[in-house]
Amino acid sequence: MRVLYAFALAAVCAAAQRGTAKVDAGATVVAGSVLNDGTGEPLSRAQVLLQPMVAGLSPVALESDEHGAFLFYDLKPGTYSVRVARDGFLPVSHGMRGSVRMPPYLTFDEGSRTRDLTFRLKRWSVIAGKVKFDSGEPGTGLLVQVLRQSFIRNRRGFVLVTTARTNDLGEYRIAGLARGGYLIAATYNRTVPQDAVEPERVDEQGRTIPDMRYATTLYPSATRLSDAVPVHVNDAQEIGGVDIYLKSVPTVRLRGRVISGSSGKVLPGGSVSLRRVGGSEGASINVPITVRPLEDGFEMRGVTAGPYMLTAETYESGVRLSAARPVLVTDAPIDNIDLVLAPSKEIRLEVRKEGAENETDPKEFDAKALRITLEPRSELNPVASAAPFGSSSWRTSVAPEETYDVFVANGPADYYLKSVRVGGEERLGAGYSGSAASVNVPLEITLAANGGSVAGRVYSADDRPGTGASVIAVPDAGPARPQWYRNTSADEYGVFDLRGLAPGRYTLFAWYDDPPCEFYDAETLPACRASGRSVNIAEDSQAVVEVPLTP
C-alpha cells in the first residue's frame, strides 16, 4: 500500500507541474512550459522567476521539470516581471499564450488560472579561439575582454560584455552571447609587487633602451582601436578560430601629477585611468594598465604608441573634480603631465512653454514634475539631473569641458522639446557645451504643446496582431535630434499610440526580440529605413499607419 501511495503522490505532483491537477478554487495558479526555440523540445532545469512589481510581495522561482513544465500554486495576486533562464540559452521575458505574445509584466488576479504560458529560449552564441605569443607559446591565464559598440542617443562607445581567462593551452571560450558584432581583446600584464621599484632598461653603457612589452591586442592583431575587426555571430552560432597573436612592441612610460583646480594642491588620491581612443566619433575603451604611485604623482608603464585619453577624477567637499587630457604616445617617454581637475560647474535652466494659452488649458502641467537630464556625449562624465529651483527654474552641475544633450521627460503627452538655447544661440542639434551656460546665463528650454501623434496597428506576416511588439518612431533628422525619438509597445491587439511628436517626417519600426538596426547609428540608419513605414506629422495632427513586424 505504501508503494502504491508513493506512486500516486508522484503522479499528482507531476500532473500539477504539467498544469493538469485540480487545485483549490481560491488559489491563483500560473503554469506553462519552456521550450527550445530551435527544436521545439521541452527544456528541463530552466528557472522561471516572477519578480513582484509592488511592495509587500516576495520573488518566487521554480525550475521546469523533465517535461519543460512549471506550475506556481497559490501565487500571491499582483503584477510580476517574468524572466526565464537556463544554461546554454539566452534568457527571455516574453511568453506566448497560444499565438498571442505576452508583455514582460503579467498581472495575476486572486483565484485566476493561467495554465498555457509558453517560453521559447534561443541557444546562446559562442566565440572561441587561442591567444599566442609571437614565439608560438600559448598565452596562459591572460585576460580576454569582449566589447560591443553601443549607441546611446548621441553617446558612442564600447560596452564591456564579459571577460574570460585563457587556459594552460592559451584557449578561451566566450559563451552567453546574443546575435551581434563584438571586439575581442587580449591583455598580458606582468605582475610586479606594488612596493617593488622597476628600473629603466639600459645597456652596458648605461644608455636607455626600448622597453619591449606585449601590448593589449584586439582581434586579429591590432594595437589600435581603429584597426580592430569585429567578430559577428548569428543566433545559436559558434565561431571558433578567433585567434589573437601578441607581438612584442616598443612601449614607453607616462608620468604626471593630479592637481586640484580649486586649491592648486597635488592630489595623490585622484583616480587616474587611460583610455584608448579610436573607432567612430572618438569612441574609446579603457586600457587595463597598472597605475603606480610615484612620489607626489603617478606612473604608467608599457604604453604602446597611439592616441589616448588620460582621465582623472576625485571629490572635494562633495564637489566632483575631473579632467580629460588627450595624449599622443610616440616612441619617447612622456613626463611632467599635469592633470588639472576642474570643479563641476553649477548652471541654471529656464523652461518656457509654448502653445498653452491660459491657466485652464488642459495642456498646462505642473512644471516641477518635469524630469530634465543633460546626457554627456562622451563616456567620461555622468548624466546630470536637474532639480527644480523656483517656479520655472532648475539647477544642476556639469563638467565644463563636456558636450551635453538636453532631454525632458514626465511632461504631458502632447509636448515635445522644441528649442535649447544659450545666449540666443540654438543648441538643440549641436549639443550644449558645459562651459557656455552659468547661473547668470541660463540654458533656455522651450517645450511646445502642439506635438502631433501617430496611432496604428502592428501586424505579422500572417496578419496576426503584433501583441507586445516594440514600436519606435525615428525622425528624418535621425541621431541629430535624439529628443524627437518616440517609442512604445503594442497592446494585446497590436495597437499602439505615440504622442508628442515634433512636426516632420518619421519612419516607424516594429519588432519583437531584436531591432532591425541600430537606430542611433547615422551610418546604417538610412539603409534600414526601407524596412519601416514612413509618415508625415503636422502640428496638432493625428496620423494612422499600419506597421509590419520586422523579422
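The values are calculated or read from the model by the stated rules, or taken from the named source; none is laboratory data. Worth saying up front: this structure is predicted, and the values here are computed from it rather than measured. A quick note on method: Cβ atoms are made from the backbone with ideal geometry, for glycine too, and the neighbour counts reach across all protein chains shown.
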Residues satisfying the stated conditions in the range 164-176, i.e. surrounded by 19 or more Cβ atoms within 10 Å (Cβ to Cβ) and in a loop (DSSP other than H, G, I, E, B): 166, 170
For the range 385-405, give me each residue that is among the aliphatic types (A, V, I, L, M) and either touching a Gly at 6+ places or on another chain (Cβ under 7 Å) or buried (at least 21 other Cβ atoms within 10 Å of the Cβ) (or both). 386, 398, 399
I'm checking my understanding of the structure. Among residues of the range 467-481 that are under 17 Å from residue 531 (Cα atoms) and touching a Lys or Arg at 6+ places or on another chain (Cβ under 6 Å), which one is surrounded by the fewest Cβ atoms within 10 Å (Cβ to Cβ)? 476
Is there a residue in the range 72-80 that is within 26 Å of residue 241 (Cα to Cα) and free of Cβ contacts under 8 Å to residues at least 40 places away in the same chain? no
Only one of 54, 30, 84 is among the β-branched types (Val, Ile, Thr), closer than 23 Å to residue 175 by Cα and in contact (Cβ under 8 Å) with a residue 12 or more places away in the chain. Can you tell me which? 84
Being surrounded by 18 or more Cβ atoms within 10 Å (Cβ to Cβ) and under 21 Å from residue 188 (Cα atoms) is the requirement here; does residue 251 meet it? yes
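Conditions (1) hydrophobic (A, V, I, L, M, F, W, C); (2) in contact (Cβ under 8 Å) with a residue 12 or more places away in the chain; (3) loosely packed, with under 12 Cβ neighbours inside 10 Å; (4) assigned to a strand (DSSP E or B), marked per residue:
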position	(1), (2), (3), (4)
158	yes, yes, no, yes
162	no, yes, no, yes
197	yes, no, yes, no
206	no, no, yes, no
236	yes, yes, no, no
242	yes, yes, no, no
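Per-residue answers, yes or no, for (1) touching a residue at least 24 places away in the same chain (Cβ under 8 Å); (2) in contact with a Phe, Trp or Tyr (Cβ under 6 Å, 6 or more places away or on another chain):
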| position | (1), (2) |
| --- | --- |
| 338 | yes, no |
| 342 | yes, no |
| 384 | no, no |
| 401 | yes, no |
| 413 | yes, no |
| 432 | yes, yes |
For the range 406-437, which positions are surrounded by fewer than 17 Cβ atoms within 10 Å (Cβ to Cβ) and of a type in the set (Phe, Trp, Tyr)? 407
Residue satisfying condition, being under 30 Å from residue 63 (Cβ atoms), outside the structural domain of residue 515 (by TED's automatic domain parsing) and in contact with an Asp or Glu (Cβ under 9 Å, 6 or more places away or on another chain), within set 165, 179: 179
Among residues belonging to the range 208-234 that are of a type in the set (A, V, I, L, M) and at pLDDT 90 or above, point out the one that is surrounded by the fewest Cβ atoms within 10 Å (Cβ to Cβ). 229
Check off (1) of a type in the set (A, V, I, L, M); (2) assigned to a strand (DSSP E or B); (3) outside the structural domain of residue 374 (by TED's automatic domain parsing) for residue 461 and give me the number that stays unchecked. (2)
Output the residues belonging to the range 77-118 that are assigned to a loop (DSSP other than H, G, I, E, B) and of a type in the set (Gly, Ala, Ser). 88, 93, 95, 98, 99, 111, 112
When the residues of the range 368-393 are filtered to those that are touching a helix residue (DSSP H, G or I) at 6+ places or on another chain (Cβ under 9 Å) and outside any loop (DSSP other than H, G, I, E, B), which remaining residue is farthest from residue 352 (Cα to Cα)? 375
Within the range 495-551, can you find the residues that are crowded, with 18+ Cβ neighbours inside 10 Å, under 13 Å from residue 455 (Cβ atoms) and touching a Ser or Thr at 6+ places or on another chain (Cβ under 6 Å)? 496, 498
Taking residue 136 as the residue in question, decide whether it is free of Cβ contacts under 8 Å to residues at least 12 places away in the same chain and either over 24 Å from the mean Cα position of the chain (by Cα) or in the same structural domain as residue 214 (by TED's automatic domain parsing) (or both). yes
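Just wondering, is there one or more residues in the range 531-546 that are outside any loop (DSSP other than H, G, I, E, B) and under 25 Å from the mean Cα position of the chain (by Cα)?
yes
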